[in-house]
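Below is one structure, written out as structure tokens; the observations come after it.
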Amino acid sequence: MLLDLPSSFEFNNHISGVNATDLFSLNSLLGASIEAQVVKALNKQRALWDPEDEWLGYTFERQSQVFPDVRLTRRTAEQGPEIALGIELKGWFLISKEGAPSFRFTTTPAACAPHDLLVVVPWYLDNVLSGSPVAAQPFVVSARWAADYRNYYWQHLRKADPGSDLTITSPAARPYPSKRDLVADIPGYDGGGNFGRLARVPGLMTDWIEETNRLEVLGIRIEDWYRFLRAHSDQADPDLVAASITERLNRVLRPRSDAQAARIVAALQTLVDEYQAR
């Protein structure tokens, strides 16, 4: 169901007029809209996740400022809402400034029900610099497992400075908390503010991030688009940046046909020309 999201993702708004060097900000500008589209797509996929009509009356609903972001819920007059499962939903704009998901997941394991999921949806503009958002293959994992692994990594696997406080304070939590409930684990010391940065936990999302960055858009891998735009965002000389990236691309594209490599380098040069014309 969740892995089929890219084929069901719909976003009719066309994004244009954004400076290439400002693309990094789209993740925060469109994040909520992307999440809303995911919920809409999930409800449209009912034939996939409920082929036998065993979950009649249940719909996916997005929550505001409460864990998890999305709940599969049925509302009854007698007992109130019945929750079947929850999804903590994160978006990742593939040309964001960090080059990897930057969200923090600090929810304590006790707040995650056994069937709750953590889902990260990567997305990009279909014309890279403009166009409509397109979803790529999401990352899907048990939310409780991710929280447990995060804590284990923080206390036992990462290279912390000698004498660092490795304790983690966990609130008394339960699944499907209210907005008033405390659900975040708090590390004893986090000078760099990295607790909960799952993208920095080796072995958790590493392979998926690398595979996603190899996705090609307009014939060029996302990681190469990212390097190009990031290089220009550092206010380097455009000609020097273009020459450096063209040289790097030529090395990367050697296994491909000369004609394909030439098309990709030509597309990159067009982007350079458009950037310099702004």
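The values are calculated or read from the model by the stated rules, or taken from the named source; none is laboratory data. Keep in mind that this is a model prediction, so the values were computed, not measured. Cβ sites come from the backbone with ideal geometry, for glycine too, and all protein chains shown count toward neighbours.
When segment 81-106 is filtered for residues that are under 11 Å from Val70 (Cβ atoms) and among the small types (Gly, Ala, Ser), only Gly86 remains. State whether one or more residues within segment 160-181 are under 28 Å from Gln63 (Cα atoms), assigned to a loop (DSSP other than H, G, I, E, B) and under 20 Å from the mean Cα position of the chain (by Cα). Among the residues of segment 160-181, not one is under 28 Å from Gln63 (Cα atoms), assigned to a loop (DSSP other than H, G, I, E, B) and under 20 Å from the mean Cα position of the chain (by Cα), which makes the answer no. Taking every residue in segment 55-69 that is on the phi < 0 side of the Ramachandran plot and not assigned by TED's automatic domain parsing to the domain that holds Thr108 and pairing it with any residue that is modelled with pLDDT of 90 or more and not aromatic (Phe, Trp, Tyr), at least 6 positions away or on another chain, yields no pair with a Cβ-Cβ distance below 8 Å. Within segment 154-173, the set of residues being within 15 Å of Thr108 (Cβ to Cβ) and surrounded by 13 or more Cβ atoms within 10 Å (Cβ to Cβ) comprises Trp154, Gln155, Ile168, Ser170, Pro171, Ala173. Being surrounded by 14 or more Cβ atoms within 10 Å (Cβ to Cβ), farther than 30 Å from Glu82 by Cβ, at pLDDT 95 or above and not hydroxyl-bearing (Ser, Thr, Tyr), is that true of even one residue in segment 125-148? So far as segment 125-148 goes, no, none of its residues is surrounded by 14 or more Cβ atoms within 10 Å (Cβ to Cβ), farther than 30 Å from Glu82 by Cβ, at pLDDT 95 or above and not hydroxyl-bearing (Ser, Thr, Tyr). In the set Gln137, Gln155, only one residue is touching a residue at least 12 places away in the same chain (Cβ under 8 Å), part of a helix (DSSP H, G or I) and at negative phi; that residue is Gln155. Residues that are small (Gly, Ala, Ser) and surrounded by fewer than 15 Cβ atoms within 10 Å (Cβ to Cβ) number at least 2 in the following strands (runs of 3 or more DSSP E) confined to segment 33-107: 80-93.
Tell me whether segment 225-243 contains one or more residues that are at pLDDT 70 or above, more than 18 Å from Lys97 (Cβ to Cβ) and surrounded by fewer than 12 Cβ atoms within 10 Å (Cβ to Cβ). Yes - at least one qualifying residue is present in segment 225-243.
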